[in-house]
Each structure stands twice: as structure tokens, then as C-alpha cells.
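The values are calculated or read from the model by the stated rules, or taken from the named source; none is laboratory data. Quantities reported herein were computed from a predicted structural model and do not represent experimental measurements. Every residue, glycine as well, gets a Cβ built from its backbone with ideal geometry; the counts of neighbours run over all protein chains shown. To get the accessible areas, we keep the full protein, side chains included, count just its heavy atoms, and leave off ligands, DNA and RNA. Shrake-Rupley method; radii C 1.70, N 1.55, O 1.52, S 1.80 Å.
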Number of protein chains: 2
Amino acid sequence: MKSMEKSVNILIEKAENEGIELAWDRLKKQEPQCGFGLLGICCRICNMGPCRINPFGDEPKKGVCGATADVIVARNLGRMIAAGAAAHSDHGRDIVHTLLLASQGKARGYEIKDEAKLKVIAAEFKIDTNRDKNDVAKDLAKGVMQEFGMEKGEIQFIKRAPAKRREIWEKLGILPRGIDREIVEMMHRTHIGVDNDYANIILHGLRTSLSDGWGGSMVATELSDILFGTPKPVKSKVNLGVLKEDAVNIIVHGHEPTLSEMIVLASKDPDLIALAKKNGAKGINLSGMCCTGNEILMRKGVPVSGNFLNQEVAIITGAVEAIIVDVQCIMPSLTEIAKCYHTDIISTSPKAKFTGALHMEFHEDKGEDIAKKIVKKAIENFPKRNKEKVLIPDKPVEMYAGFSVEAIVEALGGKLDPLIDAIKAGKIKGIAAVVGCNNPKVKHDQSHVEMTKKLIENDILVLETGCVAIAAAKVGLLVPEASEKAGNGLKSVCKAFGIPPVLHMGSCVDISRILVAVSAIANALGVDISDLPVAGAAPEWMSEKAVSIGTYVIASGVFTVLGTVPPVLGSAEVVDLLTNGAEGLIGAKFAVEVDPIKGADLMIDHIKAKRKGLGL
Amino acid sequence: MKSMEKSVNILIEKAENEGIELAWDRLKKQEPQCGFGLLGICCRICNMGPCRINPFGDEPKKGVCGATADVIVARNLGRMIAAGAAAHSDHGRDIVHTLLLASQGKARGYEIKDEAKLKVIAAEFKIDTNRDKNDVAKDLAKGVMQEFGMEKGEIQFIKRAPAKRREIWEKLGILPRGIDREIVEMMHRTHIGVDNDYANIILHGLRTSLSDGWGGSMVATELSDILFGTPKPVKSKVNLGVLKEDAVNIIVHGHEPTLSEMIVLASKDPDLIALAKKNGAKGINLSGMCCTGNEILMRKGVPVSGNFLNQEVAIITGAVEAIIVDVQCIMPSLTEIAKCYHTDIISTSPKAKFTGALHMEFHEDKGEDIAKKIVKKAIENFPKRNKEKVLIPDKPVEMYAGFSVEAIVEALGGKLDPLIDAIKAGKIKGIAAVVGCNNPKVKHDQSHVEMTKKLIENDILVLETGCVAIAAAKVGLLVPEASEKAGNGLKSVCKAFGIPPVLHMGSCVDISRILVAVSAIANALGVDISDLPVAGAAPEWMSEKAVSIGTYVIASGVFTVLGTVPPVLGSAEVVDLLTNGAEGLIGAKFAVEVDPIKGADLMIDHIKAKRKGLGL
């Protein structure tokens, strides 16, 4: 079985019978994968190469320029961080841009939904908040724009981190400046003949990742809350069973909320619903996939049809009229698979075209109109559906999402104290952030689910985002009743406050919410983040964003377990720095453990040790 | 013979006898190089991979995500452009930063050297120039800072391009916005699951490269001129023979002028000269290598000890007390080779450390003091020189450099007209920009020299920068007498104005000077750059900067010949777009031709065709 999800396995079989190739098939065809690449010791940075280092100690020991395995591994890792940070910061940039347009009345359909949060954030930027919300928003957008360039000395949100943490960053010279600036400097440093000291490259990797976590990602989250509302607990449904045989099924897939929010509006448009009925459907059934799905789940309760490895099989159901995509983690294979079905793959971002897709470009200033056109296109596709090919092999599962930091505080009665008290009393042993992707190298969702279960059994409150949260939702872990599966201490807390033992905090950029949460706890206790009984994990990670995330999480002082092996094993020095030496520098390190239960054990041990350190 | 330069071959032999490994040896050990890498069809962008495409049409035809060879090649190329643009823009950023410090009186040793140019540039930025030069410079620095972020809609210098060119860019949606912004967007687009249409990726590659050529690089050039003076024709000497047996030999190597300018000052310090004499030397002998060498050659006439492939053998002379490096194209092998000699490798940039180097960090606010300390360190190294190991096997060659656009105009009597008239009259058939690196895959300097000779024989005025200009200088092509080797038409023009047939225009960022020159000519003729009898070439390129340069040169409308094969052959579609389809989009395309004579022929044919197009 390739997936923990029943319907996925059934659909994989259907695809096989229909001769359709999926990610698992392509992975098999790639095997054995290149050993140099897996170890990170292949260098394609200049045209004297490509070079590769002999991992067994014989020649070649160096690239043409003289770069060693240490330098090559560090450079490759540095570029992964840069690309991941770039993706998140570009997401943040789009939100800033939308906020500016909205504040100027240039983006119909968008408005300031959370004025209270606007004022909180604006005050952090020293903006006069005693004015019309649009004036405040305009100044905030312009202020945040400066975070991307070279004008400012230090990004604003970094000031939210505990003082002890900021001191560590300052001492190491890794306080992040402009977000784009750190990314571009990483690309510069990894150019031929620039930074050739592996530790120096990795230090800048930490800095670059911090400009993501406390910069690009945090900007994306906070400004999205201002524009679309700060999430509150919301009930919804999950898995491919959310698709309906008798409705126009539209899936939004990708990462940003700007498009998906407008699609939500359009899907409720009476004229379009009437059109759907005219075309023989009972209505319009919108669901989300990956993080753009998480965005509208968190704020609107829109059902989730799946995570990363669900995207291809969704088409195989034969019941999807359109998959509307924006950016990130969208398999280019979708257009190929869609040729065997009636499904339209509709690309919308000028940054992300897909050969074979229908491109209907989205622009915020005409967002509402374009969203309606896209939904109309999907509706018109309904009559082309071949009912004989339809297979929706599962029933949806109930779930709760919407746990922003603000929502958690509210659930706790207005302050974090009950949570802190529960940790002190040992009812909750600690907090784990389990995040990240799917990867066909791992049985779909299994590592996510097994690790999460093990952690809650051990009275560890689990915070999740992205693909992991969707995986946990599918097996029913995101409902208050799941506290029955938790240890007695965690169960009692969950029951007292009516919350699930696993809290869905949003999309991958919303891991910044977890930084805010742990900072608040550390500040309340007067300690550093690295002193807290907190651990992180990315059990099935695959993307460069995950590399950036993992790096800013450890740079923020949180021990992190990786469940798939990063391409660094070709350098013993780099491995030692990341899994050992980092502890002395930043108070946290990585561990690599492909077994999710053993990974959970590492986190539990870490949490126990940190409790001891705090005298708990 | 591995080099055209006699002394290099002698020193390669010396290294071999001493058991020292050089770039050519390491290249040999890498052979056969990975075919997937050479073709560009290896993808290491996410952790589902690494993936590779079978170039013979069988499986695997796609990466795990579904990316085709076209997408993989385009993404890899996009990232090369991003890294190259990042290097140049980071160079520009450092100059902006230095200008700001200097204008605030916070960087002793730095001052506004060219107030006239300051006013010209400031006026382009709509800054009131009728004030104290430091106030103007401060506002200019702050204005240019905005070019790096997301605040501005379009970079300023792009307005220098002919109107027809700008229309093409606007129509294609590739007018560059912030410099960092384009680079970061390229990193985002090439992340897993974002841009999966090869043509769309390459279009953004053009945009990114334009933000380098008309942005980062042009900023570096123009602001360097303001700070350090606009180059004027200057006489100097070149090759490893500039090293002196009886002096403290210091080589500055890398790319930026901020450090090297201060080292020039320090090398003339009477106290330090006295110290050198006290240590047994006759004085301090400074020379430059690569582009930081070109910077101080252009403005101070400091002799040049060599280009990229000279850096290792310089140590083998046994006569070098210190190689002081900043950033870019510095082989990490230097520290290893220096272990066999007394040479100190002194790294100075926080962005570029080298395992085994002595790190003496340079900061502009204490530039003079640090430069003196570095020179002192080199002097103190002189007594450790082992005279028996010294071999300086050549005599220096005379050369002229310093041909900024302003200097060319001045040489022509105050306006470009004589040059344009000579082109119209056919005395000069056209202009060739020959630029780029060394690459041990090509006999050192040979392609540069052979192509240059062939071009001037055919009455084509050659503009050169970087490693190429140094190569041409070594064989005596950068003196007015070299016009004897030119065709009769070009010879007559050179004689009339007393200029060489090959003009050294500076470092690699100074290729922006060539953009300014061709724009001025196009504007004077009321045509687009792509209408001009102009061609470009990078005969021995190896770096990602060269990829960015080549791309912005064709995006600016100049046909360009590449002398080493870029890693794109794995996609017939990408190859066709770059070498054919691009012509229809932007009026220019690439050709790949490893034979420099055949490459020159392509350029000559192109120039003839363009003359015909203009009715000349």
C-alpha cells in the first residue's frame, strides 16, 4: 500500500488499470537515484563542472575550482534554503501588494477584515493607528515593503523573539536584514569562488532562514489575517470523499489566499449556482488542497480534498471539473493526467505556468471578476464528465481547524496561562510542532500520523500545519474526541477547554504562528525558546521550503527531527555541525530519523530533558 | 600546452614537479564529467529526487513531480541566471552602501571623486543636484537602495535603453522591477511545483538578467565611478612578469573596488614602504588579478598579474607574499597550494571565507586602517620567502586601459559622432563586445585572443572587459600600435584618434558600460540596439555571472556567441528558443561555437547583415 488513505490506494489501482503514471511510478523509474545527488556532493554551479566528489575518499576529492565535499554540500544546502525562503517571501510579498491595493480601494472584493490585528501590527511598525483603517493599512503595507529590500537594518518581527534569542543571533551576526537581501546574498555566496568555508555558508543559511520564518512567512501570515480575518476554530470535513457525485467539483490547489478567497466568493454567487444547475449539477462544491486549501479552511471552513500526494489521484476520481492552481507544490504531471479525463487544470499566476494547462491569469485588482470567470469555466465543464469513470471511494471525516495563536488564547479563556500552568503541572509534558510535506519515498501520511499519535499518547500537545495537519485530520485526530487517544494529562486539558489534542494552525507560512506562540511562552517564563520543552519534526518533507523552515526552527532554538534524509551525508563536517555542533551555537540541532516512532521518542526525550532543565 | 601564456606553462611544469595540483589536474580527475549534468537534465530541486532524464528518449522521461527535460533544463538555467545576477547586484549593493557611508563622513579614505558624474546620475534619479555633493550623494544612495527591494515599479537605468527596446520589454512583461525582487522571484519560480513552462521560466530569466545588466551591474559601475573616479586612458603592464624578485609582491584578487582602492593607498604609505625596506625588500609591488585588478587598473594604472587561470600559478612563482581576496572567482584551492609556499591567502569579506585562509575582515568604515594592517601582514611575510623556489618566467607587456564611455567620447573629440561616421563609412564595420572568464576546458586565453584578432582584422572595433581584456593585453593587443594588426579601415580610425583596436572597458560589471555605449549609438541613429552592427561573445566563459551577462546582452538585442557549451542541450525546446526563437521575441539570439575563429565568423556575418539592414 502506497498510502494510509484507503481511497488513495483504490485510485492508484484505478490509475494503474487505466495506464496512467503517478508520482510513485515516476519515483520507481528514477530508482536507483543518483548517489552523488543523494549525498549532496554533486556540483553544477559553474561551467568548469559538473563536478562530483568520490564519497569513498579516493579521487576526485575536489571540484575543478578546489571546492571540497564540505563546501559543495554546504553550498547546495544554502541554495535550498534560499529557494525555500524565496518561495515564502514571494508569498508574503503578494499579500503586502494586495493589502496596499485594498487600502487604496484598487482591489474590489478585498478589504480589511481584522482591524484590531491591523492596529496591533501597525503599532509594531510605529505607525499611528488612530486613523482610518485604510490609511493605517496603506502605511503598514509601505513599511513592510521596506523589509524586502536593503534600506532597513533589521526586520521588524524579529523583535518578537525573546531577548536571549536575539542576543544569540546578534553575537553570531545572523540577525536578518532585508528578506530579499539575505536570499540574494546566499545566491552570491554560493557562486563560484565566493564563500568557501562550509560553516560560514551554513551560518548565512541560518540568517536566510530567519528572514523567512520571522520575515517573509510571518508577513504572509499576519497580513493575511488583517486582510482575510484571523482564524477562529471552525468545523469542516476532509479527504477525497468531500467530492460530490452530483455537484460541480472545483479544487483550489497551491498556496496563497488571494486567489482562493475570491474563488470561495465566486462559488457562492447565485448566478453561478444557477448556471451549475442549468448544466445538470446540484450545485458548486468547492474544496481545497495543500496550503491554499488550508488558508480557506482556516478562515471559511471550506472542506479539504487532500494534501500533496492527493493532487494526482483527485483527477482519477473522474469527478473533478477543475483544479485551479496558483503557486508551489503543484505537480506538472496534472496536465498530463487531465488529458485522460475531462478535468481542466487552470493556472492563474504569471509566475507559474504549466505546459498544457488553461491559463486564466489572476490579478488582485480584478480578482472578483476573474474568479467568477474561472468558476464559470469549471461549471461549463460539468457536462463533459464521464459518469462511468467516476469513483469517489470514501466518506469524508470531520475535523476542526482555525487555531491561530489568538484563537488558542481565546479557547484558553483569554490568556496563555492555563497552557503554561498545564505544562508546569506536567499535565502537558510539552509541545511538538509537526509540519511539512508528503514524499512518495514515505508511505503517504503514515509518518505524520504515527508520530502525531505517539506524541499525544505521551501528553505532548501537537501543533500542525500544511500537509501534516491534513494527514492528521484524515484519521480523525483534529476533533475534540481525539483526546481519548491522548495520555491522561493532555486528555484532561483538552476536555477542560474543548480542544483537540492536535491543533491545526494553518498553512506552511503559518509555522510563523508557532514561532509567535513559543516566543510568548518563553517570554512569559523569562527564558529562551531553546529552554522550553518544545520540539519540531518534518516527517515526510520534500520541498526546499521545508529546508528553510527546518533551518529557521532550529535557528530559533527548537530541536527538529527530519523524517527523510537531506542531501548532506557527503560531508561529515556538515552533518556534525547540523546534528551536533549547532547545539553549542544556537541551542538546538537537527536529528534525522526515518522511523516516525523513533523520531517521536527523540522528541519525547528532548522534551523530558528540557523539563528537567527548567526544574519541572 | 595548457595556456597561451609562456610563463603559465612553465609554472604548470614547476607545479607538476613539486607535486602540486592545479585546476587542469582537477578537471582531468573529474573526467568523464557527468553527462546528465552536462546536458542540464539532472534535477536536485526537491527531496523526492534527485531525478534525471534519459537523454535518449527512453524512461525516465520525467522527474518524480512530472517535470520534463524542458522544465528541468530551464529551471537549472534560471537558477544560474539568478545566482549570476545576485553576485553582480550584491557587488552593486556594497558600492551603494559605501557611497552612503562616504556621504555621511563615516568612511575615512572614501570620498566623491567625480562630482560631475554624481550630478548626472542624481539628476536621472530626479534628485536636486544644486547642493553640497555629500547631500546629493546621500540622497542618491538612498534612492538607489530602493532599486533593490519591492517599492519601486521599475529600475531607473532601464530608461537609458532605446524606446523601441523598452517597448519590446514592456510587451513581453520583462521590464525589470527591483533587482533583488527578480532574483528572488526566479528562485521562487524554480521551486518544486511553481513555474513548469520552460518558455515562461526563460522569459523571467531575461527579466532577471536585465535587472543585473541595467540594474545591479550598472549601479556598481556608475556609483564606483562617482566614488573612485571615472576611468580615463591609462598605461600599465600585464602578466606574471609584473611580479618583482626584490619587492614585497601583493596581489589583490576578486571583484570589488572598495577594498582594492584602499590597498592601493596603503601600498603607497611611507611608513609601510619603510617597513618593507627594513624587511629586506626594495619596496611594495602591488598588482591586481581578475576584476578587482581591473578596477584599480582602470582608475590607477595598477599592473595586472593575470586573469582567472593565473591565480594558482601566481603562487607557484614563489614570489608572492600575499594574495588578498574579496569575493567571486577565487579558487578555494589557493589555501591548499599556499601551504607549499610562504604566501598568505588573506580573505577580507564576511561573505567569503576560505578554509585555511587568514581572515582579516574589511569594513568600509575602517577601510584605511584595515588595509594598512593587511599590507603590513604581507610585508612581514617577505623574510619567509624561499629565494630558491622563486621563478618569475616572463617580462611584462605594455597595455592601455581606462576606456569608460566618457573616456571614449573624450578620445573621439567630445562626441560619439566620429565613431558613428566611421561605422557609416564602413571604416569600422561594427562593434564586438568580447567578454567573460577563463575555463580550463579551453586552452587558457587562446579563444579570447584568436577571436579578438580575427575581429579586428575584419575592421571590427572590439570592446573588452574582465578576463578577456587581460588576455588580449598579454599578447599586446591593448596598445595603439596593435592597430597594425587590424584591417585598414579600423587601423585608420585607431591611428586618427590614437586608440588601440581593442578597448579595455573595465571589470565584468562594466559590461554595463557597453550597454550604455550601444544605447547611445542606437539613440543617435534612432534605431533599436538590435538593429546595430554589434555582436557579443564569451569565448571561455565558466561562471553563472557570465550566464546572466550573456542573457542580458541578448535580451538587450545583441547576438551573442558562447565559446563553451552551456548545460542546456538536454532540451531541444530550450535550445531552439535560445538559439532561434529568441530572435523573434527580442531581436537577438545565442549561438554556441567552441571554435573561436568560427565564432568570429558568425559575428562578422551578423554584423554584415545588420549593416545591410541599416542600408550601409
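Descriptive notes on the structure:
- Area buried, chain A against chain B - accessible surface, total, 1.4 angstrom probe, square angstrom: 7700
- Using the Cβ-Cβ distance between residue B:361 and residue A:159 with R0 set to 30 Å, the FRET efficiency works out to roughly 0.65.
- Where labels lie 7 Å past Cα in the beta-carbon direction, separation of residue B:380 and residue B:417 in nm: 6.1
- For segment A:224-311, the convex hull spanned by the alpha carbon atoms encloses 90 Å³ per residue.
- Distances from residue B:235 to itself in the other copies, using label points 7 Å out along the Cα-Cβ axis, amount to 9.2 nm in increasing order.
- Whole-angstrom gap from segment A:516-537 to segment A:543-563, using each part's C-alpha centre: 16
- Hydrophobic, long helices, defined as DSSP H runs whose alpha-carbon span along the helix axis is 27 Å or greater and whose mean Kyte-Doolittle value is at least -1.0, occur in chain B at B:69-103.
- Geometric extent, Cα atoms of segment B:69-228 - Rg, Dmax (angstrom): 17.0, 57
- Alpha-carbon centroid distance for the pair segment A:287-339 / segment A:154-216, whole angstrom: 33
- Inter-probe distance in nm under a simple model that places probes 7 Å from Cα toward Cβ, at residue B:410 and residue A:595: 7.5
- Spatial separation of Cα centroids for segment A:70-126 and segment A:577-610, in angstrom: 30
- Note on residue A:424 and residue A:576: their simple-model spin labels are 4.2 nm apart, each label 7 Å out from Cα toward Cβ.
- Comparing A:253, A:123, A:45 along the charge dipole axis of the protein assembly as shown, the residue lying farthest to the positive side is A:123, per the Cβ-charge model.
- Accessible surface, segment A:403-613, averaged per residue in Å² (probe 1.4 Å): 29
- Neighbouring partner chain Cβ atoms per residue of B:53-66, average, 10 Å criterion: 6
- Taking 0.36 nm per residue of sequence separation and removing the Cα-Cα distance, the residue B:166/residue B:108 pair yields an extension gain of 16.9 nm.
- Under 10 Å, Cβ to Cβ, from residue B:604 - net charge with Lys/Arg +1 and Asp/Glu -1: -1
- Note that the protein assembly as shown carries a Kirkwood radius of 31.1 Å, evaluated over its alpha carbons pair by pair.
- Net dipole in debye of the protein assembly as shown [+1 Lys, Arg Cβ; -1 Asp, Glu Cβ; about Cα centre; nearest 20]: 220
- Surface composition of the protein assembly as shown: carbon and sulfur make up 52 percent of the accessible area, probe 1.4 Å.
- Relative to the Cα centre, the charge distribution of segment A:403-613, modelled as +1 at Lys and Arg Cβ and -1 at Asp and Glu Cβ, gives a dipole magnitude of about 400 debye.
- Chain B's nearest residue to the axis relating it to A, judged by Cβ and reported with the distance in whole Å, is B:149, 1.
- Coupling constants for segment A:55-65 follow from the phi torsions by the Karplus curve (6.51 cos²θ - 1.76 cosθ + 1.60, θ = phi - 60°), and in residue order they are x, 9, x, 8, 6, x, 9, 9, x, 4, 6 Hz; glycine and proline get x.
- Segment B:539-594: equivalent-ellipsoid semi-axes (sqrt of 5 x gyration tensor eigenvalues, Cα, Å): 16, 14, 9
- Size of segment B:403-613: Rg and Dmax of its alpha carbons, in Å, are 15.8, 50.
- Ratio of the Cα radius of gyration of segment A:1-146 to 2.2 N^0.38 Å, where N counts its residues: 1.73
- The same position residue A:426 in the other copies lies at 9.9 nm from this copy, comparing label points 7 Å beyond Cα toward the beta-carbon, shortest first.
- The alpha-carbon atoms of segment A:386-429, seen along their principal axes, cover 58, 22, 11 angstrom, with the largest extent given first.
- Counting Cβ atoms of other protein chains within 10 Å of each residue's Cβ and taking the mean over peptide B:472-485 gives 0.
- Segment A:423-466 residues near the modelled residue A:13 label - backbone nitrogen below 20 Å, point 7 Å along Cα→Cβ: A:443-446
- Bins of 10 Å, starting at 0 and running to the largest distance - Cα pair percent for chain A: 3, 17, 28, 27, 18, 6, 1, 0
- Shortest-first nm distances, residue A:166 label point to equivalent points in other copies (7 Å, Cα→Cβ): 4.3
- Rounded, prolate or oblate (a/c below 1.5 giving rounded, otherwise prolate when a/b exceeds b/c) for segment A:150-260 by Cα gyration tensor: prolate
- Values of log10 I(q)/I(0), in the order q = 0.09, 0.15, 0.20 Å⁻¹, for segment B:240-389 under a Debye, Cα-only, solvent-free model: -0.22, -0.65, -1.26
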